[in-house]
Amino acid sequence: MTYYNRSKFCGSGYARENSIKCISNILYKLNKMSKKMQSDKVLNLPAGYFGIVLGTIGMGFAWRYASQVWQVSHWLGDGLVILAMIIWGLLTSAFITRLIRFPHSVLAEVRHPVLSSFVSLFPATTMLVAIGFVPWFRPLAVCLFSFGVVVQLAYAAWQTAGLWRGSHPEEATTPGLYLPTVANNFISAMACGALGYTDAGLVFLGAGVFSWLSLEPVILQRLRSSGELPTALRTSLGIQLAPALVACSAWLSVNGGEGDTLVKMLFGYGLLQLLFMLRLMPWYLSQPFNASFWSVSALATTGLHLGSGSDNGFSIRWRCRCLSLPILLLQYCSSVLLRF
């Protein structure tokens with residue numbers, strides 16, 4: 001190659017040093033583009049996919065309890081719990097791989113005004129897996145719970161407190177904000193109840209309840225008055241169904257499973273949210289079934305607990321049993337139709 005050709009290729013004179021420098025610069029840019037393409041592939045599996053574990057293990061817990069009140073085998077519930085554990089293990093491996101090999105993609109997710117809330121599904125599902133292990137191997141359940149509760153508290157402190165600086169955009173206020181402080185604390189209470197730590201469970205229940213009461217007016221105000229949610233975010237409305245029902249499950253976990261007045265009140269508010277969801281179904285189902293539909297399993301579990309209680313003047317036992325069966329079937333169908 002002549003000096004003229006080097007000059008034409010590099011655009012920086014006839015010197016050999018400049019030619020080498022130019023070629024090195026081109027190789028650096030190509031390497032940078034290659035790394036960017038690899039990182040883009042990793043972003044196809046966000047932390048929100050841990051919602052699959054929530055739905056599957058929630059359905060497993062519902063069938064576990066159903067085996068106590070109906071003539072159904074406990075193997076169905078245990079099988080779903082095991083399936084959820086396997087999915088959790090695979091997703092956890094993928095998440096840790098992203099964190100090690102592509103930390104910038106994880107940082108981008110935790111700094112995103114909407115997606116950052118869904119990162120908290122990782123500790124939430126870890127604690128649910130811990131609940132699943134309680135009847136089989138308690139020491140492992142305690143270890144998973146301890147890890148999950150530390151991570152959820154640390155992440156909630158970092159993510160939620162960060163919103164208090166006034167930089168959170170109003171259009172990013174969605175029901176996903178319930179996840180770090182409301183859902184995680186309720187699930188922590190459920191895990192405490194399963195492990196026998198009743199007093200600690202009440203502490204987490206209180207943290208979840210008051211976080212819920214402070215967030216719900218803000219989220220509803222945004223949904224009513226700040227413009228229509230983008231199509232991609234509409235399925236997050238499914239999370240609006242969860243707080244009352246998960247709170248109900250958490251209270252049942254720490255009060256010995258008694259279907260008292262508070263349980264029925266929370267269940268009633270959850271049913272009201274279900275009516276709202278049914279009214280809006282054609283609107284938010286413009287998106288396919290995805291991980292945001294996990295909250296349906298909470299309705300099934302709570303209904304089954306109430307259905308096993310004592311009858312009253314409204315025959316609540318049989319009404320709740322009749323309600324729980326189609327909810328279980330709906331949860332199964334949504335998991336089958338789930339698209340990756």
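The values are calculated or read from the model by the stated rules, or taken from the named source; none is laboratory data. Given the structure is predicted, the values throughout are model-derived calculations rather than measurements. Methodologically, a virtual Cβ is constructed for each residue, glycine included, from the backbone with ideal geometry; neighbour enumeration extends over all protein chains shown.
For E216, the criteria (1) closer than 23 Å to G132 by Cβ; (2) over 14 Å from the mean Cα position of the chain (by Cα) hold in every case but one, which is (1). Pairing residues of the range 198-225 that are loosely packed, with under 12 Cβ neighbours inside 10 Å with residues that are at pLDDT below 95 and in a helix (DSSP H, G or I), at Cβ distances under 6 Å and at least 6 apart in sequence or on separate chains, gives no pairs at all.
If you go through the range 172-197 and keep only what is of a type outside the set (A, V, I, L, M, F, W, C), surrounded by fewer than 24 Cβ atoms within 10 Å (Cβ to Cβ) and either over 22 Å from R111 (Cα atoms) or at pLDDT 95 or above (or both), you end up with G196, Y197. Just one of the listed residues (V151, V72) is out of contact with any strand residue (DSSP E or B) (no Cβ under 7 Å at 6 or more places or on another chain), free of Cβ contacts under 8 Å to residues at least 40 places away in the same chain and closer than 27 Å to L306 by Cα, and it is V72. Exactly one residue out of V150, V246, V218 is aliphatic (A, V, I, L, M) and at pLDDT 95 or above: that is V150.
Considering the range 107-151, and only residues there that are crowded, with 17+ Cβ neighbours inside 10 Å and among the aromatic types (F, W, Y), the residue that is farthest from the chain's Cα centre (by Cα) turns out to be F133. Of the candidates A124, A84, the single residue that is touching a Leu at 6+ places or on another chain (Cβ under 8 Å), over 22 Å from L252 (Cα atoms) and modelled with pLDDT of 90 or more is A84. For residues that are without any contact (Cβ under 8 Å) to a residue 40 or more places away in the chain and either in contact with a helix residue (DSSP H, G or I) (Cβ under 7 Å, 6 or more places away or on another chain) or not charged (D, E, K, R) (or both), tally how many sit in the range 41-69. Matching residues across the range 41-69 total 3. A Cβ distance below 6 Å, combined with a sequence gap of six or more or placement on separate chains, defines the contacts here; from the range 160-186, residues that are in contact (Cβ under 8 Å) with a residue 24 or more places away in the chain reach residues that are among the small types (G, A, S) and surrounded by fewer than 16 Cβ atoms within 10 Å (Cβ to Cβ) in the pairs E170/S226.
Would you check if there is a residue in the range 41-57 being exposed (fewer than 13 other Cβ atoms within 10 Å of the Cβ), under 24 Å from P103 (Cβ atoms) and either more than 16 Å from the chain's Cα centre (by Cα) or at pLDDT below 85 (or both)? So far as the range 41-57 goes, yes, one or more of its residues are exposed (fewer than 13 other Cβ atoms within 10 Å of the Cβ), under 24 Å from P103 (Cβ atoms) and either more than 16 Å from the chain's Cα centre (by Cα) or at pLDDT below 85 (or both).
Out of the residues in the range 77-108 that are touching a residue at least 24 places away in the same chain (Cβ under 8 Å) and charged (D, E, K, R), which is farthest from G132 (Cα to Cα)? Per the stated criteria, the residue is R101. Residues of the range 252-284 that are touching a residue at least 12 places away in the same chain (Cβ under 8 Å) and under 19 Å from P230 (Cα atoms): F276, M277, L280, W283, Y284.
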